[in-house]
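The values are calculated or read from the model by the stated rules, or taken from the named source; none is laboratory data. Here the structure is a predicted model, which is why all the values come from computation and not from measurement. Ideal geometry is used to build each Cβ from the backbone, glycine not excepted, and the neighbour counts take in all protein chains shown. Just so you know, the surface numbers come from the protein's heavy atoms only, side chains and all, with ligands and any DNA or RNA stripped out. Shrake-Rupley method; radii C 1.70, N 1.55, O 1.52, S 1.80 Å.
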Amino acid sequence: MKTKICLIGIGKIAVDQHVPAISGSDDWTLAATVSRVGTVDGVPSYTDFDQMLADHPDIPVISLCLPTVPRFEYAAKAMAAGRHVMLEKPPGATISEVHMLQAMAKDHGVSLFATWHSRAAVAVQPAKTWLADKSIKKAHITWKEDVRKWHPNQDWVFEPGGMGVFDPGINALSIITEILPFEMRLQSAILEFPTNRDTPIAAKMQWADNISGEFDWRQEGSESWDITLETDGGLAELKEGGARFFIDGVEQPVDGLDEYPALYKHMKTLVDSNTSDIDVRPLIQVADALTLGKRISTDAFAF
Ligand code: NAP
């Protein structure tokens, strides 16, 4: 018997990933959507979340695909109505929001899953296992992509709370905070803000323990989503956003579900066990960069 789920915020990621992952799952059936404009063919659609909640006490799970800033109110309302909640990344516009949502989940006895889709990439757990008994001498993140390709005309990414290049960069941070056997401490950052925007388009970060990162949204053509780690046991490389794992240049076999099917599988286990999964550490790294980083101005940006 499939569990009914409602998707909120029918835009790029809902259409690209959530709808196919739910359609292809034995666990879930998409029973309603809530969005001001977006709809999914053949699925009852609402523009008013209260109305959906009133009409559908039979839908126990809400998956929120909206941008970060408007998401908190929906998550709070869903949990107050006794529904389990799945959050797209980043889990909040602020760290306090995530802590509040965590407390609400506990108070209302529902499951809250703050997803990190890149953590669900197939090579991440093999890399974590391999690194567990190694001494890490140096690590570097390269996370560069074209904002026009991945966020076409999405001005919210450059508005306060949109996090700019950290919207994708937090994917790298979600991986590295998962695989490192120690916590990261940011020492410095340089953030490039377009003169006409409120969030950075590029960043360089330096952490203790020889860990560094470069993030850039101005790369055209193919993406660079790589993390390299020099260890006492050899060179580990996670490539293509955590999809491929190499040790000393030799590709390691990996398998498993794609990222979003894996997230929905995990959500089912959380709901069945009435537990939550919330890790705010990647968001803390972004907050630390915005707190500690030196701001420099760069060319104005237009889509
Ligand atoms: P998006 O297409 O701009 O937004 C999703 C939908 O949310 C919009 O189509 C819109 O639907 C609704 N929405 C936007 N602003 C809203 C507001 N202020 N109030 C209420 N509803 C609003 O963005 P997206 O690319 O799907 O990203 C959404 C989330 O997914 C972000 O947190 C992002 O980090 C994450 N994500 C994105 C990608 C990607 O490749 N783009 C990949 C992985 C994760 P209506 O106009 O119909 O209401």
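Descriptive notes on the structure:
- 1.4 Å probe accessible area per residue over the chain, in Å²: 44 Å²
- Span-like helix check, the chain: no full DSSP H segment qualifies, none having both a Cα axial length of 30 Å or more and a mean Kyte-Doolittle of 1.6 or more.
- When peptides 257-263, 192-198 are sorted by average Cβ neighbour count within 10 Å, with the highest value leading, the order is 257-263, 192-198.
- Taking amide H as placed 1.01 Å from N in the peptide plane, the amide H of Ser188 sits under 5 Å from that of Gln206, each at least 5 places away or on another chain.
- Summarising the amide proton neighbourhood of Thr115: residues at separation of 5 or more, or on other chains, whose placed amide H is nearer than 5 Å comprise Leu87.
- For Thr231, the residues 5 or more places off, or on other chains, whose built amide H falls under 5 Å of its own are Lys137, Ala236.
- Expressed as a whole percent, the accessible surface of the chain that belongs to carbon and sulfur atoms is 50, based on a 1.4 Å probe.
- Relative contact order of region 111-189, pairs being alpha-carbon contacts under 8 Å that are 6 or more residues apart, as %: 51 percent
- The chain, dipole about Cα centre (Lys/Arg Cβ +1, Asp/Glu Cβ -1), debye to the nearest 20: 380 debye
- Inter-centroid distance (Cα atoms) of region 15-72 relative to region 85-107, Å: 18 Å
- Averaging the sequence gap over all C-alpha pairs within less than 8 Å and six or more residues apart, then dividing by the number of residues, gives the chain a relative contact order of 20 percent.
- Derived scalar couplings ³J(HN,Hα) [region 296-303; Karplus, 6.51 cos²θ - 1.76 cosθ + 1.60; whole Hz; x for Gly, Pro]: 10, 8, 9, 3, 4, 10, 10, 5
- Over 24 Å (Cα to Cα) - which of Lys89/Lys144; Lys2/Lys239; Lys137/Lys294 fall in this group: Lys2/Lys239; Lys137/Lys294
- Region 1-78, relative contact order [Cα under 8 Å, separation at least 6], %: 37 percent
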